[in-house]
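Chemist: This is the structure I want to talk about, given as structure tokens.
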Amino acid sequence: MATLREIAERAGVSRGTVDRVLNNRGRVAAEKEVLVRKIAEELGYRPNRAAKGLALRKKQRRIGFVCIRDPYCPYYDKVRSSAEAYAKELEVFGVTVHPVYYTLAELQEEKALCRRILSMDMDGWVLDGFTSAFLPEAFRKEEREIPPFASFNMNHPDRKRVAYVGCDYEQAGRLACGLAALLTEEQGEIGVLFYGSHSLQSVNQRMEGFRAEMAERYPEMQIAFQMSCPYDAANDPSAEKIVQAIEEKPNLKLLYLVNPGNYRICRWLQERMPERKLRLITNDLVAGEQYDMIKDGVIAATICQDPEAQGREPLQLLFEYLTYGNAPEKDWIRTELSIKMRQNC
């Protein structure tokens, strides 16, 4: 394997110049940079990853990991546990991962959450889909350069972003439509429920995919209604509007719960309207209580998007970038979509 000294001798420059070129440190004259890179390629130079790992350990890098932690968002439980496990692996390289967890209520206080995060001095950040939508701009408003960051779960591009790790929500919607077609024999009415705002990226893009697939392949299926549902149906009178909407549609065969909440609306509907025997499909079913709903037949099927990868891979990509200067080949690392039902849950 070629060494820095060999490259320096061939190029007629110092080892320091070669180091600056190959590790993107400092300025080097353009013609020298081109020459060094050409010779390095000809000699098959590869960076010494172990040595760079030891160098990083001495630098004591700090990475902030921002993620929601709320009982109404069980999907992120596995994201966080996966990130915490990988953070322990990074400790050997002197990398400390600092978790920044917040609730739905804290998310509503966006300015306070921004102040909390901006007060931390990090070499890089991993941001969830909610905070990646507004944090980069918050740094810039304070005239501070945001460190390199990776994001997951919702795709908000930014020039400082190293990579995004997440599923294709439009494809997830198409997959949900295919499931709905199987469960309804490709005909009949479908009700759509979602938590929060229908403009949320995960809701909007899934529904775009669902409607497109339905228009292309299943003309005898139709969406009867699309409604927001409360986080706690048993104690929120607004849930009765869903019951009313279902009662007004005697041909309704299936409900599609688009985005994750705590899923208790599923069991509540079964108990509230046992005679309807509605089929339910959902997304992102990962926690114990929700798995029980699949095993009990309350939920017919769910579409998962690999939360473990969304916790681990943004940290891994950012670590590679900070350590070796390696940017991923693709800006979007797609996580796998999979279907879970009673038989494989």
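Chemist: At a 1.4 Å probe radius, which order do Ile339, Ile242 fall into by accessible area, largest first?
Modeler: Ranking Ile339, Ile242 by accessible area, largest first, yields Ile339, Ile242.
Chemist: Run the helix sum for the chain: -39,500 (n - 2.57) per DSSP H stretch of 4+ residues, divided by residue count, reported at 222 nm to the nearest 500 deg cm²/dmol.
Modeler: -13500 deg cm²/dmol
Chemist: Among the listed pairs Lys38/Lys330; Lys88/Lys340; Lys111/Lys141, which have their C-alpha atoms separated by more than 20 angstrom in this model?
Modeler: Values: Lys38/Lys330 24 Å; Lys88/Lys340 30 Å; Lys111/Lys141 12 Å.
Over 20 Å Cα-Cα: Lys38/Lys330; Lys88/Lys340.
Chemist: I need two numbers for the chain: Rg to one decimal and Dmax as a whole number, Cα atoms only, in Å.
Modeler: 24.7, 84
Chemist: Any idea what % of Cα-Cα pairs in region 193-302 are farther than 17 Å?
Modeler: 55
Chemist: Through the Karplus equation 6.51 cos²θ - 1.76 cosθ + 1.60, θ set to phi - 60°, convert the phi angles of region 148-161 into ³J(HN,Hα) values in whole Hz; use x for Gly and Pro.
Modeler: Residue by residue, region 148-161 yields x, 9, 10, 9, 8, 6, 9, 9, 10, x, 7, 5, 8, 6 Hz.
Chemist: Here's a follow-up. How long is the gain from Tyr291 to Thr96 if the chain were fully straight, where each residue apart is worth 0.36 nm and the alpha carbon distance is subtracted?
Modeler: My answer for the length gained is 66.9 nm.
Chemist: Something else: Using 0.36 nm per residue, how much length does the chain from Ser14 to Ala29 gain when fully extended, once their Cα-Cα distance is taken away?
Modeler: Working: separation 15, 0.36 × 15 = 5.40 nm, distance 1.30 nm.
Taking Ser14 through Ala29 to full extension adds about 4.1 nm, to one decimal.
Chemist: Here is a further query. Please list 3J(HN,Hα) in residue order for region 194-199, calculated via the Karplus relation 6.51 cos²θ - 1.76 cosθ + 1.60 where θ = phi - 60°; whole Hz, with x for glycine and proline.
Modeler: For region 194-199, the Karplus-derived couplings read 8, 8, x, 9, 5, 7 Hz, x marking Gly and Pro.
Chemist: Oh, and also: Of all the Cα-Cα pairs you can form in region 286-325, what percent are over 13 Å apart? The partial results should precede the final answer.
Modeler: On the way: 502 of 780 pairs.
Of all Cα-Cα distances in region 286-325, 64 percent exceed 13 Å.
Chemist: Okay, next question. What ranking of Tyr45, Tyr72 comes out by heavy-atom accessible area, probe 1.4 Å, highest first?
Modeler: From most accessible down to least: Tyr72, Tyr45.
Chemist: Can you pull the one-decimal nm distance between simple spin-label points at Glu106 and Val243, each 7 Å off the Cα toward Cβ?
Modeler: Going by the 7 Å Cα→Cβ label model, 3.6 nm.
Chemist: Turning to a different aspect of this structure: Rg over Rh of region 96-156, using C-alpha atoms and the Kirkwood radius, what does it come to?
Modeler: Checking Rg against Rh, the ratio lands at 0.91.
The values are calculated or read from the model by the stated rules, or taken from the named source; none is laboratory data. Keep in mind it's a predicted model, so treat the numbers as computed, not measured. Here the Cβ is made from the backbone with ideal geometry for all residues, glycine too, and neighbour counts use every protein chain on show. Keep in mind that these areas ignore ligands, DNA and RNA; they rest on the heavy atoms of the full protein, side chains included. Shrake-Rupley method; radii C 1.70, N 1.55, O 1.52, S 1.80 Å.
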